[in-house]
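Asks: One structure, pasted below without further comment.
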Amino acid sequence: MIHKAVRVSFMALGILFLTLMSCSNDEEMTLEEAQTRKEENQEGLLAGTVKKPGGVEKFAPGKSGGTWYTTITNDPKTFNLLAADSDQSASAILGGLLPGYLADYDPYTREWMPETASFEIVVHEEEDSLDVIFTLRDDLYWSFYNSDEKVKITADDVVFWYDEINGNEDLQLTSYNGQFLTMPDGSKGRVSVKKLDDRRVAFHFPRIVANPILSCNMTYGPKFIYEPALRELGTEGIKDILTIDTDVKTLPSGGPHFLVEYTPGVRLVYEKNSDYWDKDEQGTTIPYIEKTIAKVVPDMNTSYLLFKNGETDSFSIRAEDLEELVSAQNTDYTIYDGGPSMGADLISFNQNPSGLSEPYLSWFTKKEFRQAMSSLTNRERMVKQIYRGLGEPALHHYAQANPFYDDSISNVYTYNPDKAIELLASMGITQDDQGIMHDSEGRRVEFDIITNSDNNIRIDSANIFADECAKVGIKVNVTPLDFQKIIEMLTSTYDWHAILISLGSNYWPTGGSNVWPSDGNLHLWNPLQESPATSWEARIDSLYNEGSYTPDEEEAKVIWNEFQSILLEELPLFYLVHSEAFLALRDKWDNAYFDTLGGLDTNRLFLKEAE
């Protein structure tokens with residue numbers, strides 16, 4: 001279902017009418033006729049796409065060869081895994097050099113699978129504890145470009161990375177909070193790790209948890225580089241190794257790629273790592289693609305032009321580009337319809353007294369203000385104007401794939417300006433005779449909303465939000481910023497008002513261990529609280545804790561239902577739109593499957609000519 005109860009203002013209806021009249025001989029068209037015409041157009045667009053989701057067929061074995069051309073939006077700021085921890089762009093660039101996680105979750109079978117290690121769960125019910133024992137593959141190595149030198153990956157890499165990197169309190173990496181459990185008496189217990197032999201490690205949980213593999217699953221970097229740096233330079237100095245000036249050919253790889261070239265502002269070049277552990281059923285090393293060239297292209301319009309010109313192999317299609325790509329003749333690409341996205345962009349208001357001054361703190365810490373802002377968020381307009389009708393409002397806390405998703409638990413503060421005015425009035429914010437909003441002390445209601453400057457869709461969403469706020473007399477200044485600057489504001493200076501960003505999807509109820517608990521370092525609106533600042537955050541902490549240790553699904557559902565309901569009432573953040581995901585891919589590539597559960601696995605693509 002793409003459209004629901006579309007609310008159309010007189011002005012919007014007028015624009016729609018004029019748009020339709022420009023390409024039609026009809027003298028007049030009713031709203032119902034316009035809606036029918038639009039749905040027919042959408043059906044026509046979808047008819048030009050292909051649904052080929054993953055998980056239905058097995059990947060076919062392929063042959064090595066070919067070069068994959070793609071784009072990235074930002075230059076890396078570092079080649080240091082610790083410095084890249086909170087930088088998704090840098091993490092993505094370096095991810096291809098890592099061996100992978102200990103385990104992998106198959107979203108189609110809903111089962112945990114071995115990745116770089118097999119695993120066994122041993123439950124000690126009498127002690128209310130459990131162990132997860134991982135056995136590493138015997139073919140894991142750190143390799144070096146154009147060299148026969150290899151360093152075997154052992155249990156020591158895992159233990160060092162868990163204890164001294166992820167578990168280092170001074171480093172405060174995003175995975176730090178996930179190492180701790182709340183014990184029945186309210187104290188904190190840490191999940192410990194112990195080396196059993198060169199290939200086996202045991203994670204000991206001091207109490208039984210609902211999803212132990214998720215709780216201790218991790219990837220890891222090369223101990224032989226980071227351990228000496230930590231000993232010699234300390235926790236601050238270790239962040240200064242492997243800077244952006246590093247010769248990338250010296251970076252070891254335990255993953256599918258070597259990074260062999262970085263030209264700032266121009267491109268990164270990867271080559272296949274033949275020592276990578278993953279192989280197909282015929283023994284051919286994955287990936288099949290020999291070389292990847294990623295051009296640095298900050299502008300999405302330029303990326304689109306590169307794809308149309310045949311200079312890149314795939315393109316994540318924006319709604320505004322779909323019709324042109326579908327309508328084009330004699331193309332060499334296929335458009336895949338991946339279905340609705342699981343995640344959605346969100347808006348959050350800063351509630352951190354460390355970085356926020358008055359009057360913002362007084363406004364943003366009141367739930368009525370946040371509820372009013374959600375009520376001024378015209379998600380249907382965003383669907384129509386930004387996503388061309390190919391999306392739906394995001395009103396639930398959990399993604400539909402989450403086992404505790406409940407359609408009846410949703411955000412009730414949907415677009416309703418009258419309700420927003422009523423909510424604001426309840427906290428003393430009212431319109432003057434010019435229609436301008438002021439608080440009870442006469443201060444005009446005005447704030448900034450930041451988002452990343454390389455994402456046109458987010459900028460458009462922020463502009464629609466600002467326009468709707470302006471209609472009731474609230475001034476919102478849309479401020480696009482470099483993503484690295486945003487990270488600094490979120491994790492260091494805390495000097496922001498509102499933000500439009502994404503945190504991914506809430507796939508697991510226990511996911512976001514650094515986001516939802518009040519002591520989390522990515523508790524977006526007020527991180528690292530020593531004790532919960534509000535009673536509802538204290539309740540969220542308690543429910544998150546209780547749900548994490550409740551294996552029984554019926555009992556857990558009661559807990560997670562309340563968890564969702566509180567977040568959707570307090571609205572520390574609220575979601576915007578689930579867009580339909582479309583991907584264009586050159587027809588020369590075989591083995592292509594695409595959906596929003598698994599994405600496109602480029603490691604499995606191979607050239608049809610190579611068959």
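Asks: With open to solvent by 40 Å² or more (accessible area, probe 1.4 Å), more than 30 Å from D595 (Cα to Cα) and outside any loop (DSSP other than H, G, I, E, B) as the only criterion, which of E358, E368 stands out?
Replies: The conditions single out E368.
Asks: Here's another thing I want to ask about it. Just give me the residues in the stretch 126-156 being open to solvent by 10 Å² or more (accessible area, probe 1.4 Å), in a helix (DSSP H, G or I) and farther than 23 Å from R207 by Cβ, in sequence order.
Replies: The answer is D156, and nothing else.
Asks: So how many residues does the stretch 240-255 have that are open to solvent by 10 Å² or more (accessible area, probe 1.4 Å) and under 26 Å from the mean Cα position of the chain (by Cα)?
Replies: Residues meeting the conditions: 3.
Asks: Which of the strands (runs of 3 or more DSSP E) contained wholly in the stretch 187-252 include at least 2 residues that are touching an Asp or Glu at 6+ places or on another chain (Cβ under 6 Å) and not β-branched (V, I, T)?
Replies: 200-205
Asks: Additional query: Among the residues of the stretch 595-604, which ones are in a strand (DSSP E or B) and either touching a helix residue (DSSP H, G or I) at 6+ places or on another chain (Cβ under 9 Å) or within 17 Å of P287 (Cα to Cα) (or both)?
Replies: G599
Asks: Any chance you could count how many residues in the stretch 65-80 are modelled with pLDDT of 95 or more, assigned to a loop (DSSP other than H, G, I, E, B) and open to solvent by 20 Å² or more (accessible area, probe 1.4 Å)?
Replies: The number of residues fulfilling the criteria is 1.
Asks: Can you confirm whether the stretch 216-236 contains a residue that is among the acidic types (D, E) and open to solvent by 50 Å² or more (accessible area, probe 1.4 Å)?
Replies: There is at least one residue in the stretch 216-236 that is among the acidic types (D, E) and open to solvent by 50 Å² or more (accessible area, probe 1.4 Å).
Here is a yes/no grid of residues against (1) assigned to a loop (DSSP other than H, G, I, E, B); (2) of a type outside the set (S, T, N, Q); (3) modelled with pLDDT of 95 or more:
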{"position": "E569", "(1), (2), (3)": "no, yes, yes"}
{"position": "F574", "(1), (2), (3)": "no, yes, yes"}
{"position": "E580", "(1), (2), (3)": "no, yes, no"}
{"position": "L585", "(1), (2), (3)": "no, yes, yes"}
{"position": "A592", "(1), (2), (3)": "yes, yes, yes"}
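Asks: Among the residues of the stretch 104-125, is any hydroxyl-bearing (S, T, Y) and open to solvent by less than 20 Å² (accessible area, probe 1.4 Å)?
Replies: Yes, there is a match, as at least one residue in the stretch 104-125 is hydroxyl-bearing (S, T, Y) and open to solvent by less than 20 Å² (accessible area, probe 1.4 Å).
Asks: What pairs can you find where one residue is in the stretch 184-207 and free of Cβ contacts under 8 Å to residues at least 24 places away in the same chain, the other is among the β-branched types (V, I, T) and part of a strand (DSSP E or B), and their Cβ atoms are less than 6 Å apart, with a gap of 6+ or different chains?
Replies: Filtered contacts from the stretch 184-207: no entries.
Asks: Considering the stretch 455-480 alone, what residues qualify as being among the hydrophobic types (A, V, I, L, M, F, W, C), out of contact with any Phe, Trp or Tyr (no Cβ under 9 Å at 6 or more places or on another chain) and closer than 20 Å to A344 by Cα?
Replies: I459, A462, I464, F465, A466, listed by residue number.
Asks: From the residues in the stretch 317-336 that are modelled with pLDDT of 95 or more and in a strand (DSSP E or B), which one is least open to solvent (accessible area, probe 1.4 Å)?
Replies: Taking the candidates together, the pick is I335.
Asks: Mind checking which pairs have a first residue in the stretch 64-80 that is closer than 13 Å to M300 by Cβ and a second that is aliphatic (A, V, I, L, M) and part of a loop (DSSP other than H, G, I, E, B), Cβ under 6 Å, 6 or more apart or different chains?
Replies: Hits for this filter: T71/V297.
Asks: Oh, and also: Go through (1) touching an Asp or Glu at 6+ places or on another chain (Cβ under 8 Å); (2) surrounded by 20 or more Cβ atoms within 10 Å (Cβ to Cβ) for I165 and report which single condition fails.
Replies: Of the numbered conditions (1) touching an Asp or Glu at 6+ places or on another chain (Cβ under 8 Å); (2) surrounded by 20 or more Cβ atoms within 10 Å (Cβ to Cβ), the odd one out for I165 is (1).
Asks: Output the number of the condition that I450 fails; it satisfies all remaining conditions of (1) in a loop (DSSP other than H, G, I, E, B); (2) crowded, with 17+ Cβ neighbours inside 10 Å.
Replies: Unmet for I450, out of (1) in a loop (DSSP other than H, G, I, E, B); (2) crowded, with 17+ Cβ neighbours inside 10 Å: (1).
Asks: Name the residues in the stretch 483-533 that are assigned to a loop (DSSP other than H, G, I, E, B) and of a type in the set (A, V, I, L, M), would you?
Replies: Passing the criteria: L503, V515, L522, L524, L528, A533.
Asks: Name the one entry in I121, I93 that is touching a strand residue (DSSP E or B) at 6+ places or on another chain (Cβ under 8 Å), touching a residue at least 12 places away in the same chain (Cβ under 8 Å) and in a helix (DSSP H, G or I).
Replies: Checking each option against the conditions leaves just I93.
Asks: Take the stretch 259-277 and flag every residue that is within 25 Å of the chain's Cα centre (by Cα) and closer than 19 Å to G66 by Cα.
Replies: L259, R267, L268, V269, Y270
Asks: On to the next question. Among the residues of the stretch 554-575, are any open to solvent by 30 Å² or more (accessible area, probe 1.4 Å), in contact with a Ser or Thr (Cβ under 6 Å, 6 or more places away or on another chain) and of a type outside the set (D, E)?
Replies: Checked against the condition, which is being open to solvent by 30 Å² or more (accessible area, probe 1.4 Å), in contact with a Ser or Thr (Cβ under 6 Å, 6 or more places away or on another chain) and of a type outside the set (D, E), the stretch 554-575 yields no hits at all.
Asks: Confirm whether L259 is in contact (Cβ under 8 Å) with a residue 24 or more places away in the chain, farther than 20 Å from D148 by Cα and either aliphatic (A, V, I, L, M) or in contact with a helix residue (DSSP H, G or I) (Cβ under 7 Å, 6 or more places away or on another chain) (or both).
Replies: Taking the combined requirement at face value, the residue does not satisfy it.
Asks: Tally time: how many residues in the stretch 260-300 are open to solvent by less than 60 Å² (accessible area, probe 1.4 Å), under 20 Å from L607 (Cβ atoms) and of a type outside the set (G, A, S)?
Replies: The qualifying residues number 16.
Asks: Next question, about the same structure. List every residue pair whose Cβ atoms sit under 6 Å apart, with the two residues 6 or more apart in sequence or on different chains, where the first one lies in the stretch 588-611 and is touching a residue at least 60 places away in the same chain (Cβ under 8 Å) and the second, anywhere, is assigned to a helix (DSSP H, G or I) and open to solvent by 30 Å² or more (accessible area, probe 1.4 Å).
Replies: K588/K608; D590/K608; N591/R604
Asks: State which residue pairs qualify: first residue closer than 14 Å to A83 by Cα and inside the stretch 230-246, second residue open to solvent by 30 Å² or more (accessible area, probe 1.4 Å) in any location, beta carbons under 6 Å apart, and separation of 6 or more residues or different chains.
Replies: Partner pairs satisfying both residue conditions: T235/D170; K239/A83.
Asks: Test each condition in (1) of a type in the set (S, T, N, Q); (2) farther than 30 Å from T263 by Cα; (3) open to solvent by less than 20 Å² (accessible area, probe 1.4 Å); (4) in a helix (DSSP H, G or I) for S303 and report the one that comes out false.
Replies: Going through the list (1) of a type in the set (S, T, N, Q); (2) farther than 30 Å from T263 by Cα; (3) open to solvent by less than 20 Å² (accessible area, probe 1.4 Å); (4) in a helix (DSSP H, G or I), S303 breaks only (2).
Asks: Determine which single condition E546 fails, assuming it passes every other condition in (1) open to solvent by 20 Å² or more (accessible area, probe 1.4 Å); (2) modelled with pLDDT of 95 or more; (3) part of a helix (DSSP H, G or I); (4) not aliphatic (A, V, I, L, M).
Replies: Here E546 meets the rest and fails (2).
Asks: Also: Out of the residues in the stretch 371-388 that are charged (D, E, K, R) and not in a loop (DSSP other than H, G, I, E, B), which is nearest to A581 (Cα to Cα)?
Replies: Only one residue fits best here, namely K384.
The values are calculated or read from the model by the stated rules, or taken from the named source; none is laboratory data. This one's a predicted model, so the numbers in the text were calculated from it and none came from an experiment. All Cβ positions, glycine included, derive from the backbone under ideal geometry; neighbour counts span all protein chains shown. The area values use the complete protein model at the heavy-atom level, side chains included, leaving out ligands, DNA and RNA. Shrake-Rupley method; radii C 1.70, N 1.55, O 1.52, S 1.80 Å.
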